[in-house]
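S.K.: This structure is in structure tokens; I'll ask about it shortly.
The values are calculated or read from the model by the stated rules, or taken from the named source; none is laboratory data. Just so it is clear, the structure is predicted and the values come from calculations on it, not from any experiment. So basically every Cβ, Gly included, is an ideal-geometry build from the backbone, and we count neighbours across all protein chains shown.
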Amino acid sequence: MKRLNLSQKVLMLIGACILFSIVFSFFFLHFLYKELYFNSVKESVIFQGERTAAHYHSGTLSEDLAEKIHWYNMVSEYEVIVLDEIEDLSSYFPYEINHQALITRSDRKRLENEEFIVKDGYVEEFGREIIGAVFPVAGKSGTESYIYIYVPLADLQEVFEGSIPILLLAGSMFFMILFLAVNQIRRSLFQPLQEIRLFSKEVSRGNYSNRLQISKRDEIGELARAFNSMSESLEKQEARKKEFLANIVHELRTPLTYIGGYSQALSHQMYESPEEAEHYLKTIERETNRVNKMIHDLIDLDVLQESMYTLKTEPIAISQLFLDTFALFEIRLHEKNLQTKLHLHEDLVIMGDPKRIQQVFYNLIDNAIKYAEEGSVIRISFSEEKHRFHFRIHNIGSELSEQDLAHIGERFFRTDKARSRLTGGTGLGLSIVKEIVRLHEGELRIESDASTGTAVTVMLPALL
């Protein structure tokens, strides 16, 4: 069995609503006929019968009352019959109601108890229903006469004869408005849904470049914007993956060539002295360490760039964290005969992720030592400006051009690739720093001048 789509289901629902409206209208008209018209006529019959019986005293039918009854029968739709005996009623009204006798045994008992009875039903000879009532007229010696008053009822269509054109006009307008509303719903609801369905198929095929052109501000518009955001994220992720793979292939090609070439030279004993063999081994070790560091940095950078990554923030005594990190570089500072000048604030406390902030310190100090001139001075300072923590590290080394400054922080970018290979640089350290600062809603600035050297400034908010 073929399953119905959403559009067909909604059409079936609307059709069911229309059918329900028609059925409801029928029962509502029947209610108006039965409860309002029928009951009002019934109450009128009882009222007229009781009033007539009240004018008829002691079984005597005065000429004045007879003329009134005759006049009443002529000008009104009611028919009044006065009887001395109840058996005579069949002579004046020889019809059955609902194919039954007009007066039954139970009716006779009620009349004997001087109770009036109401009879209603279909009379075949009249071709319509009637409502009637028999009223006993009590005298001095008991019931002396009876009054029977009845009225034929109008059909349903006769009752609403004046209202039917209005009902038809109102119904036609209702269904016309309903048709227009349904058509508008189909265009505003199902057409965007169809576009979303086709769009999702394109996304499932790996095409993330398309966007939904839906400007609605309802739930459909929110769904479309969510799909666009998802597609944009997938497109960026796909671009990052391609860039990642391209960079990996490019960056691994050279160290693997070194490792493969020197390993082959060692295995075939293609060296002239033990010192040359030792050089080959050190080169292999250096390139292996560099590849390991590159892979570790790439994984770390990829984690930081994930949209779902969250920092584990806590209050940090920033000076103590820096000193713990700076102590790791004492040997390297001594090897290059570098001097340091520190200007710290021991009372500064910021909100941040201690592990990631330490990583920022480590990478920036590591770069400053790598590219500083031997015997020069590295200056490091903390400051507070406009409720922001400023960390500044300055060294004397090679000047960075404006073109290089524009690309610093990009993956695998190095200003001097040959020198970076000797120092073990991967071109990922500043990329990691940049992402950590971004996650802390901070700012990274780099300035370089031939006379004053290079300065890196990190500014972080949320200073306590």
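S.K.: Against the condition assigned to a helix (DSSP H, G or I), out of contact with any helix residue (DSSP H, G or I) (no Cβ under 7 Å at 6 or more places or on another chain), farther than 30 Å from residue 461 by Cα and among the acidic types (Asp, Glu), how does residue 276 come out, does it pass?
M.R.: It is true that residue 276 is assigned to a helix (DSSP H, G or I), out of contact with any helix residue (DSSP H, G or I) (no Cβ under 7 Å at 6 or more places or on another chain), farther than 30 Å from residue 461 by Cα and among the acidic types (Asp, Glu).
S.K.: If you scan region 358-368, which residues turn out to be crowded, with 19+ Cβ neighbours inside 10 Å and without any contact (Cβ under 8 Å) to a residue 60 or more places away in the chain?
M.R.: Across region 358-368, the qualifying residues are 361, 365.
S.K.: Next question. Being outside the structural domain of residue 345 (by TED's automatic domain parsing), touching a Ser or Thr at 6+ places or on another chain (Cβ under 7 Å), part of a helix (DSSP H, G or I) and of a type in the set (Lys, Arg) narrows it down to one of 293, 242, so name that one.
M.R.: Criteria check complete, one pass: 293.
S.K.: Moving on to the next point. Taking strands (runs of 3 or more DSSP E) that fall entirely within region 314-376, which contain at least 2 residues that are in contact with a helix residue (DSSP H, G or I) (Cβ under 9 Å, 6 or more places away or on another chain) and of a type in the set (Val, Ile, Thr)?
M.R.: Once the strands (runs of 3 or more DSSP E) in region 314-376 are filtered for at least 2 residues that are in contact with a helix residue (DSSP H, G or I) (Cβ under 9 Å, 6 or more places away or on another chain) and of a type in the set (Val, Ile, Thr), what remains is 349-352.
S.K.: Out of all the residues in region 370-380, which are surrounded by fewer than 20 Cβ atoms within 10 Å (Cβ to Cβ) and either among the hydroxyl-bearing types (Ser, Thr, Tyr) or touching a residue at least 40 places away in the same chain (Cβ under 8 Å) (or both)?
M.R.: 370, 376
Listed here are the residues, each with its yes/no results for (1) assigned by TED's automatic domain parsing to the domain that holds residue 16; (2) assigned to a helix (DSSP H, G or I); (3) more than 15 Å from the chain's Cα centre (by Cα); (4) of a type in the set (Gly, Ala, Ser).
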| residue | (1), (2), (3), (4) |
| --- | --- |
| 197 | no, yes, yes, no |
| 224 | no, yes, no, yes |
| 227 | no, yes, no, no |
| 231 | no, yes, yes, yes |
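S.K.: On to the next question. Can you report the number of residues in region 312-348 which are of a type in the set (A, V, I, L, M) and surrounded by 16 or more Cβ atoms within 10 Å (Cβ to Cβ)?
M.R.: 7
S.K.: Please name all residue pairs, on different chains or six or more residues apart, with Cβ atoms under 9 Å, provided the first residue is in region 267-286 and is in contact (Cβ under 8 Å) with a residue 12 or more places away in the chain and the second residue is exposed (fewer than 13 other Cβ atoms within 10 Å of the Cβ) and assigned to a helix (DSSP H, G or I).
M.R.: So the pair list comes out as 286/422.
S.K.: Another question about this same structure. Going through 355, 282 one at a time, which residue ends up being more than 44 Å from the chain's Cα centre (by Cα) and loosely packed, with under 13 Cβ neighbours inside 10 Å?
M.R.: Of the residues listed, the single one that is more than 44 Å from the chain's Cα centre (by Cα) and loosely packed, with under 13 Cβ neighbours inside 10 Å is 282.
S.K.: Scan region 384-434 residue by residue and report those that are among the charged types (D, E, K, R), at pLDDT 75 or above and over 25 Å from residue 243 (Cα atoms).
M.R.: Listed by number, the residues that qualify are 384, 385, 386, 388, 392.
S.K.: List pairs: first in region 73-90 and in the same structural domain as residue 135 (by TED's automatic domain parsing), second of a type in the set (Asp, Glu), Cβ under 8 Å, 6+ apart or cross-chain?
M.R.: 73/79; 84/144
S.K.: Given the conditions (1) modelled with pLDDT of 85 or more; (2) more than 17 Å from residue 368 (Cβ to Cβ), and given that residue 453 satisfies all but one, which numbered condition is not satisfied?
M.R.: In the conditions (1) modelled with pLDDT of 85 or more; (2) more than 17 Å from residue 368 (Cβ to Cβ), residue 453 misses (2) alone.
S.K.: Same structure, new question: Could you please find all residues in region 114-124 being part of a loop (DSSP other than H, G, I, E, B) and modelled with pLDDT of 85 or more?
M.R.: Of everything in region 114-124, those that are part of a loop (DSSP other than H, G, I, E, B) and modelled with pLDDT of 85 or more turn out to be 115, 116, 124.
S.K.: In region 218-246, how many are modelled with pLDDT under 75, within 26 Å of residue 9 (Cα to Cα) and basic (Lys, Arg)?
M.R.: Within region 218-246, residues that are modelled with pLDDT under 75, within 26 Å of residue 9 (Cα to Cα) and basic (Lys, Arg) number 0.
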